[in-house]
1. Val69 versus (1) under 20 Å from Ala121 (Cβ atoms); (2) more than 13 Å from the ligand (Cβ to nearest atom); (3) of a type in the set (Val, Ile, Thr): which is the lone unmet condition?
2. Looking at Ala162 and the list (1) away from the ligand (no atom under 16 Å from the Cβ); (2) without any contact (Cβ under 8 Å) to a residue 12 or more places away in the chain, which single condition is not satisfied?
3. Please specify each residue of the range 1-10 satisfying the condition of being within 21 Å of Gly40 (Cβ to Cβ) and within 10 Å of the ligand (Cβ to nearest atom).
4. State yes or no: is Leu76 touching a Phe, Trp or Tyr at 6+ places or on another chain (Cβ under 6 Å) and either within 16 Å of the ligand (Cβ to nearest atom) or closer than 19 Å to Trp164 by Cβ (or both)?
5. Take residues that are closer than 27 Å to His146 by Cα and in contact (Cβ under 8 Å) with a residue 12 or more places away in the chain and tell me which of the helices (runs of 4 or more DSSP H) falling wholly in the range 1-113 contain 3 or more.
6. Look at Asp171 and say whether it is outside the structural domain of His49 (by TED's automatic domain parsing), among the acidic types (Asp, Glu) and in contact with a Ser or Thr (Cβ under 7 Å, 6 or more places away or on another chain).
7. Can you name the residue in the range 129-144 that is within 13 Å of the ligand (Cβ to nearest atom) and part of a loop (DSSP other than H, G, I, E, B) and, of all such residues, is surrounded by the fewest Cβ atoms within 10 Å (Cβ to Cβ)?
8. Looking at (1) surrounded by 12 or more Cβ atoms within 10 Å (Cβ to Cβ); (2) at pLDDT below 95, which is the one condition that is false for Val50?
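The values are calculated or read from the model by the stated rules, or taken from the named source; none is laboratory data. What you are looking at is a predicted structure, and each value in this text was computed from that prediction instead of being measured. Don't worry about glycine lacking a Cβ; one is built from the backbone with ideal geometry, like all the others, and counts go over all protein chains shown.
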Amino acid sequence: MELHHKKHHATYVANYNATMEKVLDAQAKGDVSGQLSLQGALKFNGGGHVNHSIFRSNLAPVAKGGGDVDKMGADLKAVVARDFGSVDALKARLAASSVGVQGSGWGWLGYDPADKRLRVATCPNQDPLHATTGLVPLLGIDVWEHAYYLQYKNVRPDYVNALWGVVNWADVSARFDAASRK
Ligand code: MN3
């Protein structure tokens, strides 16, 4: 996780800032084609930054409540029961979708503001959940190989199952409360 944050996340931030400067430079020159050619890099690096920022606050060491489902707020707990049946059923759905991502990407628990329901979704590469689907991200699972190859080699299911032990349900609940109050 330390390497993941210091190297990978930092690279997305640096590349996003560098791309943004090129966008502004192209804009200053009135170069619309140049601006459009940078959209892919903007989405990839900006998405990498947004996704890893959420991921980082979604996790906590066990000593700080990581993995403790009792830290889940009452409102989120009720909606999880309504939409999935149980917390275990939610975990099973999110794990299966995340493990099933082809290539690199993310699994998400999101909130759909249109019908006020929880959704499990996946995104390829670093596509940011909200900007590309409209779902508000509550809990992200990074299934890029760089997230797990050092500890879990190529065994993505073992990594996803181990992640449940460090999920910060208080953070997931705070995100749900903020999204559902709007
Ligand atoms: Mn990552």
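1. Of the numbered conditions (1) under 20 Å from Ala121 (Cβ atoms); (2) more than 13 Å from the ligand (Cβ to nearest atom); (3) of a type in the set (Val, Ile, Thr), the odd one out for Val69 is (1).
2. If we test Ala162 against (1) away from the ligand (no atom under 16 Å from the Cβ); (2) without any contact (Cβ under 8 Å) to a residue 12 or more places away in the chain, just (1) comes out false.
3. As a first pass, look at the range 1-10 and keep what is within 21 Å of Gly40 (Cβ to Cβ): 8-10.
Within the range 1-10, His8, His9 meet the criteria.
4. Working: touching a Phe, Trp or Tyr at 6+ places or on another chain (Cβ under 6 Å): yes; either within 16 Å of the ligand (Cβ to nearest atom) or closer than 19 Å to Trp164 by Cβ (or both): yes.
Spelling it out, Leu76 is indeed touching a Phe, Trp or Tyr at 6+ places or on another chain (Cβ under 6 Å) and either within 16 Å of the ligand (Cβ to nearest atom) or closer than 19 Å to Trp164 by Cβ (or both).
5. Working: elements: 10-28, 32-36, 39-58, 74-84, 87-99.
Fully inside the range 1-113 and qualifying: 10-28, 39-58, 87-99.
6. Values: outside the structural domain of His49 (by TED's automatic domain parsing): yes; among the acidic types (Asp, Glu): yes; in contact with a Ser or Thr (Cβ under 7 Å, 6 or more places away or on another chain): yes.
Yes.
7. Of the range 129-144, the ones within 13 Å of the ligand (Cβ to nearest atom) are 140-144.
Checking the rest, the ones that are also part of a loop (DSSP other than H, G, I, E, B) come to 143-144.
Values: Val143: 22, Trp144: 19.
This residue is Trp144.
8. Of (1) surrounded by 12 or more Cβ atoms within 10 Å (Cβ to Cβ); (2) at pLDDT below 95, only one is false for Val50: (2).
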